[in-house]
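The values are calculated or read from the model by the stated rules, or taken from the named source; none is laboratory data. Treat the numbers as computed from the prediction; the structure is a model and nothing was measured. So basically every Cβ, Gly included, is an ideal-geometry build from the backbone, and we count neighbours across all protein chains shown.
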Amino acid sequence: MTLPFSIGAAKPAPKPVVERAQLVVFRVGDQRYAADVFAVERVLRYSAPRAIPNVPAWLEGVIEYAGRAVPVIDLRARFDLPASEDRSSARILVFIVGGDESSTTGYIAAAVDGVDEVTTVEKTALEDPPAVFRGLARQYLKALVRQNGTVIVVLDVAQLLNSRERIVLDQAMAETTNG
């Protein structure tokens, strides 16, 4: 009698686990950017944020979200691009950036020209970014991904506001609510 297997034969090697990352892909100008899906709290239709005084021009204002005032960064202005005349497909991405529940900096939002898709990539496809990429400083960049012949810049959304900018923002927000 012949057995369909050998006693003591080596088991087949387990398939390697491929780690993947999910990215929310969006447009600012003619460049595609992305953020980790776990950093994106919500995608909202664009509506003009409430302006606040004494803040940099790239800070468009604040929106009310989850019972809090959330700062909205105009990524076109932040990345030194001209303003867009057509905002019909514009969106506001609300990002989770840490901080505690009472902090205005637990969320930040960004105005973008449009949201294209949620895509899944293998983590090995995430390339380390150069020191500067298309005028963006390394502090904003998390990785680069090449997909269908284009480069997608993966942003480190926690770095969209540095600590000094957060202090200026918190002061301006306090003056607005107190005065």
(message) Being at pLDDT 90 or above and either in contact with a Pro (Cβ under 8 Å, 6 or more places away or on another chain) or surrounded by 19 or more Cβ atoms within 10 Å (Cβ to Cβ) (or both) is the filter here; which residues of region 40-57 pass it?
(response) Val40, Pro49
(request) Give just the number: which of (1) surrounded by 14 or more Cβ atoms within 10 Å (Cβ to Cβ); (2) in a helix (DSSP H, G or I); (3) out of contact with any strand residue (DSSP E or B) (no Cβ under 7 Å at 6 or more places or on another chain); (4) modelled with pLDDT under 80 does Thr105 not satisfy? (result) (2)
(request) For Arg91, state whether it is under 16 Å from Lys142 (Cβ atoms), surrounded by 14 or more Cβ atoms within 10 Å (Cβ to Cβ) and charged (D, E, K, R). (result) no
(message) Please count how many residues of region 76-102 are in contact with a Leu (Cβ under 8 Å, 6 or more places away or on another chain), under 15 Å from Gly29 (Cβ atoms) and at pLDDT 90 or above.
(response) 1
(request) Filter region 52-67 down to the residues that are closer than 14 Å to Ala109 by Cα and not in a strand (DSSP E or B), then identify the one that is nearest to the chain's Cα centre (by Cα). (result) Trp58
(message) Where the second residue is of a type in the set (Phe, Trp, Tyr) and the first is within 13 Å of Ala125 (Cα to Cα) and lies in region 142-155, which pairs have Cβ atoms under 9 Å and are six or more apart or on separate chains?
(response) Leu144/Phe133; Val151/Phe133; Ile152/Tyr33; Val153/Tyr33; Val153/Phe133; Val153/Tyr140; Val154/Tyr33
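So that you can scan it fast, the table gives a plain yes or no per residue for (1) of a type in the set (A, V, I, L, M); (2) under 16 Å from Ile73 (Cβ atoms); (3) surrounded by 11 or more Cβ atoms within 10 Å (Cβ to Cβ); (4) modelled with pLDDT under 75:
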{"site": "Tyr140", "(1), (2), (3), (4)": "no, yes, yes, no"}
{"site": "Gln147", "(1), (2), (3), (4)": "no, no, yes, no"}
{"site": "Val153", "(1), (2), (3), (4)": "yes, yes, yes, no"}
{"site": "Ala158", "(1), (2), (3), (4)": "yes, yes, yes, no"}
{"site": "Ile167", "(1), (2), (3), (4)": "yes, yes, yes, no"}
{"site": "Ala172", "(1), (2), (3), (4)": "yes, yes, yes, yes"}
(request) For region 146-154, indicate whether the set of residues that are part of a helix (DSSP H, G or I) and not hydroxyl-bearing (Ser, Thr, Tyr) is non-empty. (result) no
(message) Name the single residue that is surrounded by the most Cβ atoms within 10 Å (Cβ to Cβ) among those in region 1-37 being of a type in the set (D, E, K, R) and either at pLDDT below 75 or touching a helix residue (DSSP H, G or I) at 6+ places or on another chain (Cβ under 7 Å) (or both).
(response) Arg20
